[in-house]
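Taking it in order: structure first as structure tokens, then the write-up.
The values are calculated or read from the model by the stated rules, or taken from the named source; none is laboratory data. What you are looking at is a predicted structure, and each value in this text was computed from that prediction instead of being measured. Here the Cβ positions follow ideal geometry from the backbone for every residue, glycine too, while neighbour counts run over all protein chains shown.
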Amino acid sequence: MSDRISGLAGVVIWTTAERYPAMRAFYIDTLGLVPRSDRAQFVSFVLSEADDVRLNVSVHREVEGVARDPLRIMLLLRVDDIEATSTRLRASGVTFLREPEQEPWGGWIATFPDPDGNIVQLLQPAR
């Protein structure tokens, strides 16, 4: 055993009960993530089988409205083909804040909000 942090277990995106259906639909129907667990007011996705990294969307009674400071945390999702993924998402109604663009280090990124205003970014690593 070590006293160091050994990895990322997951991320929870909290929302309101009223906004939960739109958030759930966005992550399942629009982004195409497959739920591992899908219960009333809670859905969980495995983003990395190898590391068991999870993304959860759930209701929290102390959360109100949309994200007040959406730039504070950004959800970064790895993709293999950013052009194909962004084309599919655009056809599903996603409005990009930043269209796919290559970074100086060689990777590609594209940025958009989820229904609560949280910032989501696609990342296609440099090849």
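Tabulated values for the structure
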{"read-out": "Residue satisfying condition, being in the same structural domain as residue 26 (by TED's automatic domain parsing), farther than 19 Å from residue 21 by Cα and of a type in the set (A, V, I, L, M, F, W, C), within set 84, 110, 50, 91", "value": "50"}
{"read-out": "Some residue of region 110-125 being in contact with a strand residue (DSSP E or B) (Cβ under 6 Å, 6 or more places away or on another chain), part of a loop (DSSP other than H, G, I, E, B) and without any contact (Cβ under 8 Å) to a residue 24 or more places away in the chain", "value": "no"}
{"read-out": "Scope region 88-98; condition touching a strand residue (DSSP E or B) at 6+ places or on another chain (Cβ under 9 Å) and loosely packed, with under 12 Cβ neighbours inside 10 Å; matching residues", "value": "95"}
{"read-out": "Test: residue in region 36-46 that is at pLDDT 95 or above and on the phi > 0 side of the Ramachandran plot", "value": "yes"}
{"read-out": "Residues within region 36-83 that are in contact (Cβ under 8 Å) with a residue 40 or more places away in the chain and assigned to a helix (DSSP H, G or I), tallied", "value": "1"}
{"read-out": "Scope region 20-64; condition among the aliphatic types (A, V, I, L, M) and crowded, with 16+ Cβ neighbours inside 10 Å; matching residues", "value": "23, 28, 31, 33, 43, 46, 47, 55, 57, 59, 63"}
{"read-out": "Contacts under 6 angstrom Cβ, first residue in region 15-33 being more than 13 Å from residue 94 (Cα to Cα), partner aromatic (Phe, Trp, Tyr) and surrounded by 16 or more Cβ atoms within 10 Å (Cβ to Cβ), 6 or more apart", "value": "33/27; 33/45"}
{"read-out": "Filter pass, residue 68 being outside the structural domain of residue 16 (by TED's automatic domain parsing) and within 12 Å of the chain's Cα centre (by Cα)", "value": "no"}
{"read-out": "Verdict on residue 94 being modelled with pLDDT of 95 or more, under 17 Å from residue 10 (Cα atoms), β-branched (Val, Ile, Thr) and within 14 Å of the chain's Cα centre (by Cα)", "value": "no"}
{"read-out": "Matching residues, region 84-109, being over 20 Å from residue 71 (Cα atoms), touching an Asp or Glu at 6+ places or on another chain (Cβ under 8 Å) and without any contact (Cβ under 8 Å) to a residue 40 or more places away in the chain", "value": "86"}
{"read-out": "Residue match in region 14-34 (condition: over 16 Å from residue 119 (Cβ atoms) and assigned to a strand (DSSP E or B))", "value": "no"}
